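The values are calculated or read from the model by the stated rules, or taken from the named source; none is laboratory data. Here the structure is a predicted model, which means the values were calculated and not measured. Backbone-built Cβ (ideal geometry, glycine too); neighbour counts: all protein chains shown.
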């Protein structure tokens, strides 16, 4: 119940105006895009490493459990990657 209350507060107070689905999807922020890239493309890095951040090239600095669980939810629940990441984060916060 506490997690549902947190989601309701986040959607009601923090998300911009619009339909409920749109408001929920706006909870995705910067690091979520890195994890989305990992879920969809896997870990990637050039050898030798480059000195600047490029999402499509090097994403090995992120821990594997979060994107792995999100990938399982993505395929198991048939939801998009961003929604799977949000559900995983909310379940972990509970």
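Residue under question is residue 82, and the condition is that it be touching a helix residue (DSSP H, G or I) at 6+ places or on another chain (Cβ under 9 Å) and either surrounded by fewer than 17 Cβ atoms within 10 Å (Cβ to Cβ) or over 26 Å from residue 6 (Cα atoms) (or both); does it hold?
No, not satisfied.
Please determine, by comparing only the residues of the range 44-61 that are at pLDDT below 80 and surrounded by 14 or more Cβ atoms within 10 Å (Cβ to Cβ), which one is nearest to residue 86 (Cα to Cα).
59
Based on this model, can you work out whether residue 79 counts as part of a loop (DSSP other than H, G, I, E, B) and modelled with pLDDT of 90 or more?
yes
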